[in-house]
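Structure first, then comments.
The values are calculated or read from the model by the stated rules, or taken from the named source; none is laboratory data. Only a predicted model underlies this, so the values are computations on that prediction, with no experimental measurement involved. No Cβ is skipped: glycine too gets one built from the backbone with ideal geometry, and neighbour counts run over all protein chains shown. We work out accessible area using only protein heavy atoms, side chains counted, and drop any ligands, DNA or RNA first. Shrake-Rupley method; radii C 1.70, N 1.55, O 1.52, S 1.80 Å.
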Amino acid sequence: MSEQFVVPENLARSSTVDPGMAAWTPYAEQRVRDVAERWSLTLGPPYRPGGETAWVAPVRTADGDDVVLKVGRWHEEADHEADALRLWDGAGAVRLHRYERVGDTICLLLERCVPGTPLRDRPESEQDVVLASVLRRTWATPLDDTPFRPLHDLCRIWADETQERATARPDVVDAALVAAALEVLRERAPTAVEPGAALLCTDLHAGNVLAAQREPWLLVDPKPYAGERAYDVVQHLLNCPERLVADPLGLTARMADLCEVDVDAVRTWTFARCVTELWWWPHLLPAVRALTP
């Protein structure tokens, strides 16, 4: 790596709006250099524009292996990322070679995807097929005794945040829609991991799936919870807002079919998550109304 340490654009931007990142980022260089020395890595320049919570770059090990180093601030959303990658062991996801947590910093040594181009560069109709294939691969890994949190924990966060917004700005979203969404978020997911639950990515979208050689496409950056498979379809749908608004019933049916999950479950979760986003994306309201259970 050159003498000048580069903070990629997205990481720098998050440091201006997130107090936690503002406190962490000034120490990123030392933490990167420390782990590179401990693990005997030759560092390359970071990927740009990069992620919002981690410094990520191609590196080479002392044995000459080309891999990726991810050094980031620990945050609750990404807890158990390493556990998920270890469990999947390359089935639809990048392999984890090494992991450690030191205080508020996590360090992961990951399989490098070559050529590494993101799926978001492909047409959305192709994204549908690839993402469904990746999800089916990851869901197929059995969940035995694992440390993963139930989906209910994530849904509780969404519900609490939505309740706060609805209280602060009740004029934005109809109270009946808020109530229906809160019921889904607070009641649908069990409070414990039950038999038959799958390990979910929860934030799987076309920007987190990269072209590779070992498998055509591999996911990165999971935010794992255990629960109902249909929930895992939702983030991709939210990332296709024009199609979702134009044909919410058709698009949810297509993704449910590709993912081999219940269409009513996909529609219910999509409805609830769309409601949580209406304060920023009011254009989703037609989809919300069409998907209301």
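Counting only the heavy atoms of the protein chains, how much of Y47 is accessible to a 1.4 Å probe, in Å² to the nearest 10?
Using a 1.4 Å probe on the heavy atoms, I get roughly 100 Å².
At 222 nm, what helix-only mean residue ellipticity would the chain give, in deg cm²/dmol to the nearest 500, using -39500 (n - 2.57) for each DSSP H run of four or more?
-13000 deg cm²/dmol
May I ask you to compute the full-extension gain from E194 to T141, defined as 0.36 nm times their residue separation minus their alpha-carbon distance, rounded to one decimal in nm?
In short, 17.6 nm is gained.
Largest first, what is the accessible-area ranking of Y27, Y225 with a 1.4 Å probe?
Y27, Y225
So how far, in whole Å, is the C-alpha centre of the range 235-293 from the one of the range 98-135?
If you average the Cα positions of each part, the centres end up 23 Å apart.
Angle check, please: helix 28-38 long axis (alpha carbons) against the longest principal axis of the chain (alpha carbons), in degrees 0 to 90, nearest 10.
60
If you filter the range 185-246 for trypsin sites (Lys or Arg not before Pro), then keep DSSP loop positions with at most 16 other Cβ within 10 Å, what is left?
Qualifying residues, ordered by number: R214.
Say a site is exposed when it is one of the GluC sites (Glu not before Pro), sits in a DSSP loop, and has at most 15 other Cβ atoms within 10 Å; what is then the longest site-free stretch of the chain?
Excluding the exposed sites themselves, the longest stretch runs over 4-259.
Report, to the nearest 10°, how far helix 263-277 tilts away from the longest principal axis of the Cα atoms in the chain, using its own Cα long axis and a range of 0 to 90°.
80
Can you bin the range 54-148 into rounded, prolate or oblate? Criterion: square roots of the alpha carbon gyration tensor eigenvalues sorted a ≥ b ≥ c, rounded for a/c under 1.5, prolate for a/b above b/c, oblate for the rest.
Oblate.
Heavy atoms only, probe 1.4 Å: what % of the accessible area of the range 133-187 goes to carbon and sulfur, would you let me know?
49
According to the square roots a ≥ b ≥ c of the eigenvalues of the Cα gyration tensor, what is the shape class of the range 52-102, taking rounded for a/c under 1.5, prolate for a/b larger than b/c otherwise, and oblate for the remainder?
oblate
Roughly speaking, to the nearest percent, how much of the range 22-95's 1.4 Å accessible area is carbon and sulfur?
45
Give the relative contact order (percent, whole number) for the chain; include only Cα pairs under 8 Å separated by 6+ residues.
For the chain, the relative contact order is 15 percent.
Report the Stokes-Einstein translational diffusion coefficient (µm² s⁻¹, integer) for the range 183-278, Rh taken as the Kirkwood radius over Cα pairs, at 25 °C with viscosity 0.890 mPa s.
For these conditions, the coefficient is 173 µm²/s.
Can you give the FRET efficiency for V129 and T292, using 1/(1 + (r/R0)^6), R0 = 22 Å, r = Cβ-Cβ distance, to the nearest 0.05?
0.20
Simple spin-label model, 7 Å along Cα-to-Cβ: L249 to D153 in nm?
Spacing of the two 7 Å Cα→Cβ label points: 3.8 nm.
Find, to one decimal place in angstroms, the Kirkwood hydrodynamic radius of the chain, where the mean of 1/r is taken over every pair of different Cα atoms and then inverted.
20.1
Sticking with the crude label model, points 7 Å out along Cα→Cβ, report the distance from A91 to E76 in nm, one decimal please.
Roughly 3.0 nm, to one decimal.
Within the range 254-272, which residues have the backbone N less than 15 Å from the label spot 7 Å out from R122 along Cα→beta-carbon, could you tell me?
Residues passing the 15 Å test: 258-259.
Report the accessible area of I157, computed with a 1.4 Å probe over the heavy atoms of all protein chains in place, in Å² rounded to the nearest 10.
60
Measuring with a 1.4 Å probe in the full set of protein chains, what accessible area per residue, in whole Å², belongs to the chain?
So the chain comes to 47 Å² accessible per residue, rounded to a whole number.
At 7 Å along the Cα-to-beta-carbon direction for both V102 and D34, put a label point, then send me their distance in nm to one decimal.
Each label point lies 7 Å from its Cα, and together they span 0.4 nm.
Taking square-rooted eigenvalues a ≥ b ≥ c of the alpha carbon gyration tensor, is the range 112-263 rounded, prolate or oblate, where a/c under 1.5 means rounded and, failing that, a/b exceeding b/c means prolate?
It is oblate, given that a/c is not under 1.5 and a/b is not larger than b/c.
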